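The values are calculated or read from the model by the stated rules, or taken from the named source; none is laboratory data. This structure is a prediction, so every number in the text was calculated from the model and none was measured. As a convention, Cβ positions derive from the backbone with ideal geometry for all residues, glycine included, and neighbour counts pool all protein chains shown. The area values use the complete protein model at the heavy-atom level, side chains included, leaving out ligands, DNA and RNA. Shrake-Rupley method; radii C 1.70, N 1.55, O 1.52, S 1.80 Å.
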Amino acid sequence: MKIKRLSVYLLLLPFLSCAEPQGTQEGDIESRVNALLGQMTLQEKIGQMNQLSPFGGLEEMAGLIREGNVGSLLNLTDPELVNKAQRIAVEESRLGIPLLMSRDVIHGYKTIFPIPLGQAATFNPQLVEDGARVAAVEASADGIRWTFAPMIDISRDPRWGRIAESCGEDPYLSSVMGVAMVKGFQGDSLNNPTAVAACAKHFVGYGASEGGRDYNSTFIPERQLRNVYFPPFEAAAKAGCATFMTSFNDNDGIPSTGNSFILKDVLRGEWNYDGLVVTDWASSAEMISHGFCKDEKEAATKSVNAGIDMEMVSGTFIRNLEELVKEKKVSEAAIDEAVRNILRLKFRLGLFDNPYTDTDQQVKYAPTHLAKAKEAAEQSVILLKNDRETLPFTDKIRTLAVIGPLADAAHDQMGTWVFDGEKAHTQTVLVALKEMYGDKVRIIYEPGLGYSRDKHTAGIAKAVNAAMRADAVLVCAGEESILSGEAHSLADLHLQGAQSELIAALAKTGKPLVTVVMAGRPLTIGQEVEQSDAVLYAFHPGTMGGPALADLLFGKAVPSGKTPVTFPKMVGQIPVYYAHNNTGRPASRQETLIDDIPQEAGQTSLGCTSFYMDAGFDPLFPFGYGLSYTTFGYDNLQLATNQLAVNGTLEISFDLTNTGKYDGTEVVQLYVQDKVGSITRPVKELKGFRRIPLKQGETKTVSFSLPVEELAFWNIDRQRVVEPGEFNLWVGPNSAEGLQTTFTVK
Ligand code: NOJ
């Protein structure tokens, strides 16, 4: 053993003698990568490309690690075990190459933040970055240095359970939020021990799975890929996102894991990406189920030749690549390239110099982390309705009936993709209300239903009775966390179980009714919105969701969240998103709807436009929508000039006034429409947003600078260009309202 350790040391000497700090210089790293690669056998190289999940414990994996057959582990979170595994790799394998320890740290590690869709609703990239930083600090304390986030799949179908993990429907919002998460996870330098390498996933198109059924096929033409689905990924790559993950879907017949166009031509070729590309879980082997590969050997061949560096768990690489190289089906040069990408990241993370984690760190659930999670939850909540100023509750409300299956649901409030957050640390709405406002208001709690899918109506009478004894009613409805996330698609987006009955019964009491919805997706809640006096949409708000909602309900905080995705009235409207192209027969919104169509009406009497006879044209709530306790006035929209060159910058300003009775923050949004293009263009596209805090009565002049270059799109000639012509521009509170002007690009 001593001799072995000594030889390892000698082998590493060239790397260890680098200038301080070790391996942080890019040139340095490249030479260390190449020097190490030069020492590796083919089998050791293939070992680096193998990622395993030691569900059966570390024991069965120790031998593989020792023999250099593993490059990365996922799902090991006990820091003692993490160090133990790392010690085997570093001290007992021939070359001492450290393992990359990974985990799905999606919206928090211990301190759980709102689900990503909720975080997107904050329209606050700095807060989102701070949240990812908290997650990285907590996860890295357990030795995790690689997370599989951000998920930046454009998601326009709320039937798809994974919409919860996304930043919603919009390429611009998803780009900004994705970059914020990358920055937060990775911090200032990957070399910092609290940095966690981010992973832009799922490349690409997964959010467009047919019918919202998970893992399904997509059919996205190249132009749409480039104009809609690529932008968040390109932004992440440019922001230095350390890794990319391929998606499960096949697009137009080609599974992403075997798609060299997206991985080689675009990611490496056009975006010059030098990070690590990993498959999704078993997605190399799954190309056999897709019917794209006949066996494991073909799956490994197609994956590596398409540009995959590391395989997650399915083992087709480790079992087949050596033979495939001998058979010349995969070149050793391709393997070297993959291993370079892996080693480069390990050097960038400083793992060769600092492979172990300090097991004594006490950072989980730190008060600053909880405060940040509360701030994020507060800003993620969207006020959808507030008739007669039902909210915030005033001191006229002496008794509050708290009802509903989500009012005290510590587990469900955390949402999907929570492996490490503990419900014992979650503060529910009920608990927070009692603790924070229990001295002001008497709370009667009567859940009515046991959980969101509960169909037993026996408890509804008790809930109604509680409502009758109260001055106002708060009902917390929605989805349990298990109803959204991976493999949790739904064909019906109504409230589950007897929740609609519960809300209808509460509405009949005539008491002021406030509905809080906690869910992983937009639900079709038109009826419940109608029956409620006020509605707050909280998604799954995480560990601190309770205190955040309590402060919002009592006006200590004022809602500012905006919908990051369009809310449909009915499932049949899906896909429904604001940035759609126009048809040749756009809806007039004056169409006759089904109840008003006369019997035996003539075939063409309805106007022949693009709409649904039952749902009409508009959604329940448009993208970017959200109210406040105060109101905001938009005025005096000005452009510095309305004639611009393609290399110019549009300077936009307008006055925003807080016209209501509370201090508050408005998310102002900038939209543009390219009126005529060489291909049809979206009716509106988000090009900027800002959160503007305003005191009651205050006016601020708000400005945006929009480089004309940002109006570029992939056009008829497959070129990314700004096409000169006339543009519409709006500034406003959501995608359906605002002040409008025009400008021309020469
Ligand atoms: C499958 C999921 O699609 C992916 O997002 C996740 O990161 C991996 N499993 C690892 O758990």
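Descriptive notes on the structure:
- The count of lysine pairs in region 630-743 that are at least 8 places apart or cross chains, and whose C-alpha atoms lie under 20 Å apart, stands at 4.
- Rounded to the nearest 10 degrees, the angle from helix 332-348 to the longest Cα principal axis of the chain is 70 degrees.
- For a straight C-alpha distance cut-off of 21 angstrom, the lysines reachable from residue 372 (same-chain residues fewer than eight places away being disregarded) are 110, 183, 364, 423, 556, 562.
- Taking all pairs of distinct alpha-carbon atoms in region 364-472, Kirkwood radius in angstrom: 15.8
- All-pairs alpha carbon distance profile, region 380-552, 5 Å steps from 0, percent: 2, 9, 19, 23, 23, 15, 6, 2, 0, 0
- Relative packing of peptides 719-726, 126-133 - highest average C-beta neighbours within 10 Å first: 126-133, 719-726
- The solvent-accessible area of residue 414, taken with every protein chain present and a 1.4 Å probe, is close to 10 Å².
- Dipole in debye (nearest 20) - region 592-713, about Cα centre, beta carbon charges: Lys, Arg +1; Asp, Glu -1: 460
- The candidates 446, 44, 530, arranged from most to least accessible area with a 1.4 Å probe in the full protein assembly, appear as 530, 446, 44.
- Value at 222 nm in deg cm²/dmol, rounded to 500, when DSSP H runs of n ≥ 4 in the chain each add -39,500 (n - 2.57): -8000 deg cm²/dmol
- Across all Cα atoms of region 178-250, the radius of gyration (one decimal) and Dmax (whole number) stand at 14.0, 43 Å.
- Partners for residue 462 among aspartates and glutamates (Cα-Cα distance below 19 Å; same-chain residues under 8 apart left out): 408, 446, 454, 471, 501
- With θ taken as phi - 60° and the Karplus curve 6.51 cos²θ - 1.76 cosθ + 1.60 applied, the whole-hertz 3J(HN,Hα) list for region 521-536 is 7, x, 10, 7, 10, x, 5, 5, 5, 4, 6, 9, 7, 9, 9, 10 Hz, x standing for glycine and proline.
- Between 0 and 90 degrees, the angle of helix 171-186 with respect to the longest Cα principal axis of the chain falls at about 50 degrees.
- The mean sequence separation of alpha-carbon pairs under 8 Å and at least six residues apart, normalised by the residue count of region 105-347, gives a relative contact order of 15 percent.
- In this structure residue 436 has an accessible area near 70 Å², from a 1.4 Å probe over the protein heavy atoms.
- Taken over the chain, the alpha-carbon convex hull comes to 176 cubic angstrom per residue.
- In the chain, the longest principal axis of the Cα atoms and the axis of helix 316-326 are about 40 degrees apart.
- Positive contributions from Lys and Arg (+1) and negative ones from Asp and Glu (-1), summed over other residues with Cβ under 14 Å from the Cβ of residue 582, come out at +3.
- When every Cα-Cα distance of region 630-743 is counted in 10 angstrom steps from zero, the calculated P(r) takes the values 14, 44, 27, 12, 3, 0 percent.
- A 1.4 Å probe over all protein chains sorts 55, 727 by accessible area into 55, 727, starting with the largest.
- Largest accessible area first, the listed residues 146, 417, 281 line up as 281, 417, 146 when surface is computed with a 1.4 Å probe on the assembled protein chains.
- Within the assembled protein chains, the solvent-accessible surface assigned to residue 293 is about 10 Å², based on a 1.4 Å probe.
- In terms of its alpha-carbon gyration tensor, region 105-347 comes out oblate; a/c meets the 1.5 threshold, while b/c is at least as large as a/b.
- This model, with +1 at the C-beta of Lys and Arg and -1 at the C-beta of Asp and Glu, gives region 105-347 a dipole about its Cα centre of some 200 debye.
- Relative contact order (%) - criterion: Cα under 8 Å, at least six apart; region: the chain: 13
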